């Protein structure tokens, strides 16, 4: 079993769409990630009638990683609804998630994101965010010795 199958199976455990209340729906998009030290963390999407309170599965998985271990670097990530990513943009993190991942650690630019599970096709976060606006701030931080 390769790491992608492990991530898929862990995320799939979270897939059980349900109404939490008449206002909140959850577990219809799921995610698993491998942290820098090899631990696996999962998350699921939770949506409410007020969009500002929605949380994507990717951000929930990342927050689980950070809250439970203090880690900020991700090696690999898979996200999906009822089946693994099948290419053509399925499984891609939304813009808010891409931005959060990049802001969390510059090393995340090299993380692999599953594009097509059957073909084991991946893309890096940096490929999804070319010429990212915040790179200059990371360069300034490095030059300042922070």
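Values in this text are rule-based calculations from the coordinates and carry no lab data. None of these values were measured; they are calculated from a predicted model. Note: ideal-geometry Cβ built from the backbone for every residue, glycine included; neighbour counts use all protein chains shown.
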When the helices in the chain are scored as -39500 (n - 2.57) per DSSP H run of 4 or longer and the sum is shared across all residues, what 222 nm value do you end up with, to the nearest 500 deg cm²/dmol?
-> -9000 deg cm²/dmol
In which sequence would 117, 138 go, from the one with the fewest C-beta neighbours within 10 Å to the one with the most?
-> 138, 117
Which whole-number percent is the relative contact order of region 3-143 (Cα, under 8 Å, 6+ apart)?
-> 18
Please arrange 21, 35, 69 by counting, for each residue, the other beta carbons lying within 10 Å of its beta carbon, fewest first.
-> 21, 69, 35
Among 8, 25, what is the fewest-to-most ranking by other Cβ atoms within 10 Å?
-> 25, 8
Antiparallel content of DSSP bridges confined to the chain, in %, to 5 | 90
With Cα springs under 10 Å, the Gaussian network model of the chain assigns the largest mean-square fluctuation among 111, 102, 53 to 53
